[in-house]
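Everything on this sheet refers to the single structure shown next.
Read-outs throughout are calculated quantities, based only on the coordinates presented, and are distinct from any laboratory measurement. These numbers were taken from a predicted model, which means no experiment stands behind them. Backbone-built Cβ (ideal geometry, glycine too); neighbour counts: all protein chains shown.
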């Protein structure tokens with residue numbers, strides 16, 4: 001590397017011979033400038049290796065980051081072609097000579113590394129290497145990693161001057177890496193905080209329930225954690241397993257509604273707000289529908305709250321970076337913020353419900369104290385007219401009117417009773433669906449797949465909810481008792497002006513059912529809701545039940561949206 005420098009006598013460095021020390025110092029300063037040009041950690045690591053190779057004319061270079069377990073958790077190389085990297089396969093984890101620098105963090109210079117006693121473990125396809133120079137990179141008093149350089153160009157070995165230059169470069173690299181790490185941590189904190197605040201804002205500013213609350217949560221968790229998948233798991237209680245209630249990212253269709261019946265699963269999930277790391281195998285047990293190898297590592301935390309036990313899981317691919325201490329810390333903050341927003345929403349909706357029930361109580365009192373009393377008084381007055389007329393037709397009319405008034409009073413009393421017997425806190429439609437499905441599958445080895453979408457709690461009134469639950473229970477009962485299925489999927493959606501319920505199994509199906517009372521009951525339920533139902537079954541092809549009923553237009557006038 002040559003640089004043009006003008007001296008006081010007008011001669012350039014191309015005209016004046018340069019000392020080796022001066023040339024090395026200029027190259028070192030150029031290397032300092034190169035590694036300080038970017039704050040991205042991965043970029044900084046690559047530039048450190050490239051600068052070191054140029055500084056001492058090394059053909060190959062690598063930088064290994066030492067992990068908590070004292071092995072090389074991250075390994076970056078320069079000089080190897082893609083085909084060579086593919087042939088080598090898995091990068092080293094810190095054995096042999098590379099491990100020597102971990103256990104003894106001092107500079108190491110070898111004329112031929114193959115002659116060292118610890119030189120072993122070269123994989124097939126690894127290019128031959130002779131000269132070696134290894135230097136630790138320190139950040140304050142901690143060894144961050146090691147810089148490895150091999151094969152000095154020209155066949156010579158690395159000199160003492162080369163070692164001194166690389167040691168100086170490693171000192172500057174430690175500062176640059178620390179700055180990059182702090183910058184990366186600040187960015188991570190910012191993403192998590194912005195994600196939490198955006199989720200809270202969207203949750204609390206909802207004017208309708210077209211988006212499911214948990215869908216909003218998973219979307220912002222996915223972006224905040226820079227993961228490929230975010231999911232909310234729900235504990236059904238008892239020994240009924242854990243189900244995927246909401247998911248965003250990859251493989252949504254395969255994961256949404258999946259349940260795990262592993263009885264030991266809850267013991268491995270966090271019982272406090274502190275996140276835990278799930279490896280690939282543990283993640284597959286938590287979400288059995290996930291393709292093998294899709295997730296390399298995942299972070300799981302419990303969502304605080306007095307209601308249902310829920311867990312937030314975010315996962316990264318095998319090629320992605322591991323979750324840092326900042327991710328652990330900020331995921332707890334994120335979960336606390338969104339859980340508080342969900343609790344505020346629950347309290348707000350409960351107060352709205354209580355206000356409705358208060359109005360119903362007031363209406364019941366008015367009906368009893370005013371309307372019924374006046375009707376009763378009017379009936380007595382009409383009865384008293386009997387003594388003033390001997391006309392048979394008039395007496396008949398009086399009897400008919402009083403009978404009608406008595407019937408009206410009786411109906412009003414039934415209405416008052418129904419208004420006053422509504423519980424002050426009623427479970428939501430979706431929570432009753434979850435409980436119904438969990439109870440139906442209780443005692444079976446088969447895990448349910450339950451997928452809910454749309455403004456179900458806002459759109460479905462009590463009467464329709466009763467009919468939908470009855471159809472669902474009948475369909476699940478038939479599938480569990482007679483189908484001998486491996487998979488049963490329940491899909492419940494509120495789309496536009498309609499509610500759709502689908503129950504699909506992959507069982508043996510039927511041609512002519514021996515009992516038709518259950519299907520007749522389901523058809524009757526559909527007719528009572530002014531809807532339709534179809535039941536399609538093929539031998540060895542499974543059975544599909546599709547219920548479609550209209551919803552009140554006033555309740556679903558808002559766009560449904562959602563995923």
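What do you get for Rg/Rh of the stretch 320-363 when both radii come from the Cα atoms and Rh is the Kirkwood radius?
Ratio of gyration radius to Kirkwood radius for the stretch 320-363: 1.44.
Applying a 10 Å radius around every beta-carbon, put 242-251, 155-164, 173-182, 95-104 in order of their mean neighbour count, most first.
Answer by packing, highest mean first, reads 242-251, 173-182, 95-104, 155-164.
Determine the principal axes of the Cα atoms in the stretch 151-253, then give the extent along each, sorted from largest to smallest and rounded to whole angstroms.
Taking max minus min along each principal axis of the Cα atoms, the stretch 151-253 gives 71, 34, 26 Å.
Once R0 is set to 25 Å, what does the formula 1/(1 + (r/R0)^6) return for the Cβ-Cβ distance between residue 534 and residue 444, expressed as a FRET efficiency to the nearest 0.05?
0.45
Per 10 Å bin, what percent of the C-alpha pairs of the stretch 260-416 does each bin hold, from zero upward?
Each 10 Å bin holds this share of Cα pairs: 9, 22, 16, 10, 9, 10, 10, 8, 5, 1.
Give me the tail of P(r) for the stretch 429-550 as a percent: Cα-Cα pairs with distance above 22 Å.
The answer is 30 percent, as a whole percent.
Over all distinct alpha-carbon pairs, what is the Kirkwood Rh of the stretch 206-323 in angstrom?
Over the stretch 206-323, the inverse of the mean reciprocal pair distance is 14.3 Å.
Counting C-alpha atoms alone, how compact is the stretch 278-346: give Rg to one decimal and Dmax as a whole number, in angstrom.
13.6, 39
Would you mind ranking 535, 295, 137 by Cβ crowding within 10 Å, fewest neighbours first?
535, 137, 295
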